[in-house]
Every structure is written in structure tokens, then in C-alpha cells.
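To start, the structure under review is shown below, and the notes come after it.
The values are calculated or read from the model by the stated rules, or taken from the named source; none is laboratory data. In this text the structure is predicted, and so the values were computed from the model without any measurement. As a convention, Cβ positions derive from the backbone with ideal geometry for all residues, glycine included, and neighbour counts pool all protein chains shown. Ligands, DNA and RNA are excluded from the accessible area calculation, which covers all protein heavy atoms including side chains. Shrake-Rupley method; radii C 1.70, N 1.55, O 1.52, S 1.80 Å.
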Amino acid sequence: MEDARRELEARGHEVYIFAPSPNRRYRETSPRITRFPAVKGLFFDDYRCSLFYPPRARRQADKLDLDLIHFHTPGQVGMFGAYYARRNGIPLVTTYHTDLYEYVTHYPSVLPGVVALSILAPFVTGVGDGQRRTSLSCVRPGRTVDRWNQRVVERCMTLLHNHCDLVITPSVKMETQLRGWRTTSRIATLPSGVDEIPTTEAAVRAARREFGIAEDEQVVLYVGRIGSEKNLGLLIDAFGHVAPRCPRARLLLIGPGDEDGRFRAQAAAGPYAGRITFTGRMPRESLGAFYALAEVFAFPSMCDTQALVVNEAAWAATPLVLADRNISQIFQDGVSGLSASATAADFGDKISLLLEQPRLAAEMGRAARELAAQLTVRSQAAKLARLYEETLIRHHAPSLPPLPRMPELDEGERAGEGAGMAVA
């Protein structure tokens, strides 16, 4: 969001951010960012959740004369944004970043949170008694915790989205899901922009030294959270098919998580444990070296909405192997990578194919980089600004016919006077 904020401000807009505080001692220095008290690990181990919004946040928003509000998560900060927009007649935009419908099956402990959200949502949106009763019905337990969680997510998110002027989805996959839930608000698909993570040959050599990766080893790379929702059991099993075919193959997994050690235990129990490395969390600026040294980027997740790490890998001209071909506009089967079924044998076969055919891998890597270059932070921020402008027009003149498609902007073009926007 920080990159998009800078681009929007460069186009003449004023952007104000309301977000959870990183920790209790954090003191925000930017006059355009308002922090909310937050607790870590309430629902997810690496997620900070605000428990309430202080009165000063509303007073702060009152001073800003906002033209539009865009919230990114349905937590307390997002609920504040939705409530404030409704209370003041301000156009409301949201982005559905996370496939909560799938995530709750991997983290059933979030049930109290999603039930609380279902109770709160109708009061935030100001709906009638009928929708309140529908929302409160979610409190009744389902046949299983997973189904109960999913029912709450579907009903609650549809209620929230149907009171927005615009719902943005990062992929066609998520647009299809929301339309299946009978979302009646306008939906636009807009992937997030991602720029290349620069690196140097020296940084690549240092990365190899740090983890003992020889020059002739073929690195299969995964970057992301080490969690069950990422389907990493499949990738570790798939490497069992890769390793005997490609004796110099090495699996490198970068990211936080695996708090209970299940994936490390799975890797250690197999015959190729010495060729699987978990690095833990790494700063984003250091990832460029790892993308550059990888031969293949393997992403087995079936519940991501866009997987920005796919874009990052593509920038490094690394060919892709995905289990879900619909999560990224960067991915084109047979062009920028290979699509695999969610079985260890097929996933491993597709990885092995690219390791065994370096010319094909290089060809697909170049195509991946060309596709990544079409979804930069600047280009996507320009499209977001256009969506904001359309939303403002539609909000104040709802009977207008559909607006014609706006022409593409030149890279250097900048807007004049901009709107004041809040991002929650």
C-alpha cells in the first residue's frame, strides 16, 4: 500500500492511512497516518488486530474532508472506515485481498472473530431488520466448525460488500467467487502492482554462501508464509519426486510460520532432508538475490487471491510452477510457466521438466518477466485512480449509464487536483 500511496500522491491526490500500530511502543511520525491500538496473534500468529477504534480517530477523520474511503480488511479498522463512510455519505471502496472462505478452514480458531464480525456488520452498514436477522442467524452453530466459519464469511462479506460503491478483487478467481455469493455492488478486477526487487551479483553470491548453495545446484524456490493454507505438504512431497530425477536439485523455502514445526518435521522424515532448507523470515529487499539464483519458482497454494511473490519471481525471469493457474495474470500455462494438478507426482513432474530443460525454462522466464513488467506499481496506481474517479462520479450521479473505458495514460502523465482519500 505504501508504494501505491506514493504514486497516488504523485498524481496530485491526498492519501491518509488509518492502520493498526506495529507494537505498543510505536510512535507514528507521519501526519498522514493514524494508528490504532492493536494486539498481535489474536486470530493469526503474524496478524495485528485492533480491538476498538479510539474517539480521536473519528475526530481526526472529521478534519480531513474526505472524498472517498477505501478499506482493505474487514477488521476493526476496516469497520471504522465503513461506518464513517455510511455516517457521512462518503463513497466506499473495498478490496477483497484474502480468500477468507478458504483460510478459515485452515485456522478454525478464528471462529469467535468471524462470528463477532457477523454481529457487528449490520450495525456498521445500517441495514434493516431483515438483514440484521440474517446476520445474527450466523451465531447458530453449523454442522462443522469449518462449515460454520464459511457460512459466516460468505454472508458477512456479502453484506459488507453490498453496501460499498465498488468492490475491487485482485484476480478473476476472486471476482468469480464474489459473484457466486450474489454480490450486487459493482466489481472491478485490479491486480496489485509489483516492481522489481533489485539485486547484485555480489548479493547472489552472498545468498549462496549463507545457505551453502553450490553454483551447480538447481534451486527450487518457494517464498511465502510457512502455513497449511499454502499447501506446502504438497510441495515437500513433490520434491520427493524431483530429487531422484534431478540429483543437483535443492528446495529452498523462505518465509515465517511453521510454529508447530510440522513442515520441518515432514521434510526431516523424508529421504532428501539434507536438500531441503527453511530460512525463516527475510526482509523483502533481500529476496531479489534468491529469486535470481532460483531455477524454478514453485507455488502450491490453492487459496491465494493473487500471490504477489509470483510477480516478484517473474521479474527475475524465473519460470513458474503453480497448482492454481487462476491466481495471477502473470501466469500463462506453457508461456510463463507450467500448471500442475494438486498431486505430488504431477507437481514434481512439472518442476523436473523445467530443471531438465534449461532452454525451455529460460524461454518461460523471459516471458514471465515481460508479463510482470505490465503490472508495475505505477501502472496499477493509475488504474486505481481512474476507478476512484469513476466511483466518485457514480456515487453522486447513480443514474448515469456505464462510463466508457478510460484511455491508457502515458507513463509520465499526472493528474491535476486530487481527491482526499482515506485508506483503512
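Worth pointing out:
- Checking LEU293, LEU355, LEU320, LEU308 one by one, the residue that is closer than 23 Å to TYR272 by Cβ and under 24 Å from the mean Cα position of the chain (by Cα) is LEU320 and no other.
- Qualifying residue in region 56-78 (condition: modelled with pLDDT under 70, open to solvent by 20 Å² or more (accessible area, probe 1.4 Å), aliphatic (A, V, I, L, M) and within 20 Å of PRO20 (Cβ to Cβ)): no
- Yes/no for CYS164 being buried (at least 21 other Cβ atoms within 10 Å of the Cβ), in a loop (DSSP other than H, G, I, E, B) and over 19 Å from the mean Cα position of the chain (by Cα): yes
- Verdict on ARG366 being surrounded by fewer than 18 Cβ atoms within 10 Å (Cβ to Cβ), at pLDDT 95 or above and in a helix (DSSP H, G or I): yes
- Residue in region 176-191 that is within 23 Å of HIS106 (Cβ to Cβ), touching a helix residue (DSSP H, G or I) at 6+ places or on another chain (Cβ under 8 Å) and either outside any helix (DSSP H, G or I) or at pLDDT 95 or above (or both) present: yes
- Restricting region 191-214 to residues that are of a type in the set (A, V, I, L, M) and surrounded by 18 or more Cβ atoms within 10 Å (Cβ to Cβ), the residue that is farthest from ALA382 (Cα to Cα): ILE213
- Count - residues of region 241-280 that are touching a residue at least 60 places away in the same chain (Cβ under 8 Å), in contact with a strand residue (DSSP E or B) (Cβ under 9 Å, 6 or more places away or on another chain) and part of a helix (DSSP H, G or I): 1
- Residue check, ALA415 crowded, with 18+ Cβ neighbours inside 10 Å, touching a His at 6+ places or on another chain (Cβ under 8 Å) and either under 30 Å from TYR83 (Cα atoms) or modelled with pLDDT under 95 (or both): no
- Output for region 23-46, where each listed residue is out of contact with any strand residue (DSSP E or B) (no Cβ under 6 Å at 6 or more places or on another chain), at pLDDT 75 or above and farther than 17 Å from ARG5 by Cβ: ASN23, ARG24, ARG25, TYR26, ARG27, PRO37
- Applying the criterion of at least 1 residues that are open to solvent by less than 10 Å² (accessible area, probe 1.4 Å), out of contact with any Phe, Trp or Tyr (no Cβ under 7 Å at 6 or more places or on another chain) and β-branched (Val, Ile, Thr) to the helices (runs of 4 or more DSSP H) found wholly in region 281-358 leaves 344-356.
- Criterion (within 19 Å of the chain's Cα centre (by Cα) and open to solvent by 20 Å² or more (accessible area, probe 1.4 Å)) met by exactly one of PRO271, PRO256: PRO256
- Some residue of region 95-107 being at pLDDT 70 or above, over 23 Å from PRO256 (Cα atoms), part of a strand (DSSP E or B) and open to solvent by 10 Å² or more (accessible area, probe 1.4 Å): yes
- Tally, over region 2-25, of residues that are loosely packed, with under 12 Cβ neighbours inside 10 Å and part of a loop (DSSP other than H, G, I, E, B): 3
- Verdict on GLY240 being under 12 Å from ARG275 (Cβ atoms), open to solvent by 40 Å² or more (accessible area, probe 1.4 Å) and among the small types (Gly, Ala, Ser): no
- Test: GLU229 is under 29 Å from ALA373 (Cα atoms), acidic (Asp, Glu) and not in a helix (DSSP H, G or I): no
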